[in-house]
Structure formats: structure tokens, C-alpha cells
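Have a look at the structure below before the remarks.
The values are calculated or read from the model by the stated rules, or taken from the named source; none is laboratory data. As the structure is a prediction and not an experimental result, all values here were calculated from the model. Cβ placement follows ideal geometry from the backbone for every residue including glycine, while neighbour counts extend to all protein chains displayed.
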Amino acid sequence: MLRFRALALAAAPAALALAAPAPVVAQANSGLNQVQAHLRAVDTMTARFTQTDRRGRSLSGTLSLKRPGKIRFDYGRSANMLIVGDGRALTFVDYDVGQRQRWPINDSPLSVLLNPAQDLSRFARVVRDDDQVLMIEARDTRRREFGTITIAFAKVASAPAGLTLQGWNTVDAQNHLTSVRLSGQRFNVPVADSLFTYRNPTRRGPRG
């Protein structure tokens, strides 16, 4: 079902990788510092996303991000569902069945992307760092439900801190893989706070 594939994006404990992982490299501190600088340099971002599960089924839509803590995955009118982070929690809203589910942002692997103030060196490591790509893997060993997330950045000199977020993969505790790829990224553009609100669902009700 489409709604369960969307739900995995918000709630899945994750072990994430975008393509085959490359060997861990020595320049870990400089790589993590560059990622940290990128996160702190980007207040807002918009992009198109394509989300794919382990069976190859895909969903697409638009992503809006506003740090700290705010994110919106909009799957379009045909899917009739949303994932919204309001700075405190992530909410999955399914208007077709009139239900919503909510989690603290810190219990989601997406928290790595949403909190630029955190110290990545406490729970993340570099798994690839070359002339074109920088990839990090993050795991919070204190919270099994968080799991692991691997995030890929393209090295682009004109981008904030020289990096462009390309996407991420998540693998939950049941070994379910979800991959997200981004395109059309735009950084530090106006993003309205109203995007991070939603209408409470009613049976077969309209989206927020």
C-alpha cells in the first residue's frame, strides 16, 4: 500500500546507504566538519524527491525543509497523505483513512538532517570521501529505534559549504530498505511556516 511506503520514510529505524558503501576513509573529521558546516549554512531547502522501497515501488513528491526541525514531504493530491515535521514531532497524516501517527523528531533518523546544532562526531562516521561524493553514516547506539542512516552529498563548489544533499537510504529493524533521491535542490529560498502545519484528518477528508 502507498501509505505504508510513505510511513516508512518518517518512522523507520534506519541503516542508510545511497549506492554501494565505499570503504571508510581516514579523513573522517574533515568530512564530518564539512557536513556540519553545510547543515549550518542551509536554513531552508526545497527539492523533488523519489522514495523507493526494497521491492522497487516508488512514490514521488516535493520536499520542503526549514531548520531547525521543520520538514514536509508532500506526495501530491493523488496520494492524499503528508509527512510533516513541525520542529518537535514528525506526523504522518493519511487522509484516505482519516488517521495520523506522530513521533518525536529525535526518534527518527531524519533528525540528523534537521538539527544543525548537534555534534555529528558523537554518532556519525564518514563512509566515503572522494572528489565527487561525501557520505556519512549515523547511528545512535542508545536508541535502537533510531537505527542507522547513511546520507550522500555531492561535492559542488558553488553549493553551501561545497555540498549538495543528494538523498539517503534507511533500513529499519526488520531490514526494510527505503531510499530517497533528490533533484532540483534549491537552498536558502523563502519557505513559509504554514507548510509545516496540516489539517486534522477526517474519514475521506481533504489534505492540509
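Looking across the stretch 40-53, the residues that are surrounded by fewer than 15 Cβ atoms within 10 Å (Cβ to Cβ) and farther than 13 Å from LEU113 by Cβ come down to ARG48, THR50.
Within the stretch 90-138, the set of residues being farther than 24 Å from VAL156 by Cβ, in contact with an Asp or Glu (Cβ under 9 Å, 6 or more places away or on another chain), at pLDDT 90 or above and crowded, with 17+ Cβ neighbours inside 10 Å comprises just one member, LEU90. Per the conditions (1) out of contact with any strand residue (DSSP E or B) (no Cβ under 9 Å at 6 or more places or on another chain); (2) closer than 23 Å to GLY61 by Cα; (3) among the small types (Gly, Ala, Ser), the sole criterion not satisfied by GLY167 is (1). Considered as a group, the residues in the stretch 157-185 that are among the β-branched types (Val, Ile, Thr) and more than 16 Å from GLN36 (Cβ to Cβ) include one that is surrounded by the most Cβ atoms within 10 Å (Cβ to Cβ), and that residue is THR170.
Output the residues belonging to the stretch 33-82 that are at pLDDT 95 or above, assigned to a strand (DSSP E or B), out of contact with any Gly (no Cβ under 8 Å at 6 or more places or on another chain) and among the aliphatic types (A, V, I, L, M). Matches in the stretch 33-82: MET45, LEU63, LEU65.
Scanning the stretch 55-88 for residues that are within 19 Å of THR170 (Cα to Cα) and surrounded by fewer than 14 Cβ atoms within 10 Å (Cβ to Cβ) yields ARG55, GLY56, ARG57, SER58.
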